[in-house]
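Derivation of every value follows stated rules applied to the coordinates shown; laboratory data play no part. The model shown is predicted, which means the values in this text are computed figures rather than measured ones. When we count neighbours, we look across all protein chains shown, and the Cβ atoms used for this are built from the backbone with ideal geometry, even at glycine.
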Amino acid sequence: MQTKDIREKILNFMREESYAPMTSEELVDALGHDVNPNKFWDELLALEQNGEIIKTRFETYGLPEKMGLVAGRFQLTSKGFGFVIPDNKGDRPDVFIPPRALHGAMNNDRVLARVNNAVQGKKPEGEILRIITHANNKVVGVFHQTGDFAFVTPDDKRIGQDVYVMRKHFNGAKDGQKVVVEITEWPQEHRKAEGKVTEVLGNIGDVGLEILSIIKQNDLPLTFPDEVLEASRKVPKSIKKSELAGRRDLRERTVVTVDGEDAKDLDDAVYVEQINDNEYLLGVYIADVSYYVTEDSVLDKEARERGTSVYLVDRVLPMLPERLSNGICSLNAGEDRLSMACEMHIDKMGKVLSYEIFPAVINVRHRLSYNIVRAILAGDKEMCDKYEDILPMIARMDILRQILHDKRARRGAVDFDLPEQKVILDEKLHPIEIVQRIHGNAESIIE
């Protein structure tokens, strides 16, 4: 029996209405052949340590919610109070925790709290009993030296308290610098957290310091491990003829990409053709990353760990090394690329008549930007002359966009056209202007 199965057996048994707290011996006897006795003890301990079950002073076990307790994530506000967001929330309300009842808990810690049923209010009120797991083992902030000791004031005001640093742990930090401090002693009720400086990020006002601080505060990776880079170097820069077997060859189609001006990794492309007076063919082509990043490979594990690419004001932290994200896995114009295709036949009312998903090979004809498409739709002569070969398709794309928009409107969809800003940087990465992003037909074509 798998570990997960044993834990679910224990939890499901305790969730039964008739369950009353039992000792570990009584539990294993009651579960009988449903669990492996040799693994039962380890899983019971793991559930207790994770706060999913509680061990009472009578050496019996039960669920927190049946004992007036709540396990969950603690969310601290900048005003000093916070809330415990319960695990498996469902219809269970958050638990308000006043400043006097934090007992050393920090923002995003996983905690166990007792609910005070005597306090009346819209939200239940409680106090932190135990910190199950700490979330802030590293903190970014400003280093303030006072004689032989210092304090680091966190950038994130929700952390709620300074971190004390002894002189032997300054590691070259100077007063007023931005640093990363690793917590070595967690806070107690009347005692601040202690830590040591692990990295000096720079002086206040340095170019790029605030972005670097955000990266460090969120523990975002700036580099890839050597084994990941080595694996990426083994991926070819171009596709081989043998790799085309079993793929539909669509390289003659006028497929285009449409992205922002500063996009680097181009992972989707489109094509529109009018079949007859009542039918359009819409082709959407996604870079076939899975061909190069196979399941459970070094590259796959790194990508899963990162979860997504992160787009910041002055840089992108990619999910995959640049050789893949900007190379073979990017649908660069004029280069053969492997893709997964979805081709749909859509009528003039926006109804999808049929669709097909299949592996393909494409060659993007043009790398377009929203500004280019916007200019073409507005009749800009220079852009229309430059992209004369795809003018009819751009017009069809806009027609199909309107058809699909009208269909959404008929179905009662809400159009959230919210303003969005973009920070313009100069060559030295200083912000020089904040402009509102244009969101028009060009953007809607892709969306």
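Data table
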| quantity | calculated |
| --- | --- |
| log10 of Debye I(q)/I(0), alpha-carbon scatterers only, for the chain at 0.06, 0.08, 0.13 Å⁻¹ | -0.44, -0.76, -1.21 |
| Where labels lie 7 Å past Cα in the beta-carbon direction, separation of I446 and E182 in nm | 4.1 |
| The chain: relative contact order as a whole-number percent, Cα under 8 Å and 6+ apart | 9 |
| Percent RCO, i.e. relative contact order, over region 138-217, from Cα pairs under 8 Å lying at least 6 residues apart | 29 |
| Region 87-152: translational diffusion in µm²/s, Stokes-Einstein, Kirkwood Rh over Cα pairs, 25 °C, 0.890 mPa s | 172 |
| Y271 long-range amide H proximity, modeled H, under 5 Å | G283 |
| Label zone at E199 (point 7 Å along Cα-to-Cβ), backbone N below 13 Å, region 121-142 | 138-141 |
| Kyte-Doolittle at least -1.0, axis length at least 24 Å by Cα - qualifying DSSP helices, the chain | 391-410 |
| Violating pairs (Cα-Cα greater than 19 angstrom) within the set K240/K301; K174/K196; K196/K216; K157/K216; K216/K301 | K240/K301; K216/K301 |
| Rounded, prolate or oblate (a/c below 1.5 giving rounded, otherwise prolate when a/b exceeds b/c) for region 138-217 by Cα gyration tensor | oblate |
| Relative contact order computed over region 347-447 (Cα-Cα under 8 Å; 6+ residues apart), in percent | 28 |
| Neighbour-count order for W41, W186, fewest beta carbons within 10 angstrom listed first | W41, W186 |
| Residues K178, K55 arranged by fewest to most Cβ contacts within 10 Å | K55, K178 |
| Only Lys, Arg (+1) and Asp, Glu (-1) charged, at Cβ; the chain dipole about Cα centre in debye | 700 |
| Under 14 Å from the E335 label point (7 Å along Cα→beta-carbon), backbone N, region 297-329 | 321-329 |
| Taking E322, E305 and counting other C-beta atoms within 10 Å, the order from fewest to most | E305, E322 |
| For region 4-116, radius of gyration divided by Kirkwood radius, i.e. Rg to Rh on alpha-carbons | 1.03 |
| Net charge of neighbours whose Cβ lies under 13 Å from the Cβ of G350, counting Lys and Arg as +1 and Asp and Glu as -1 | +4 |
| Most positive-pole-ward Cα, L212, W186, N332, against dipole of region 185-334 from beta carbon charges | N332 |
| Spin-label pair E305/I214, simplified geometry with 7 Å Cα→Cβ offset, distance in nm | 2.4 |
| Dipole in debye (nearest 20) - region 124-217, about Cα centre, beta carbon charges: Lys, Arg +1; Asp, Glu -1 | 200 |
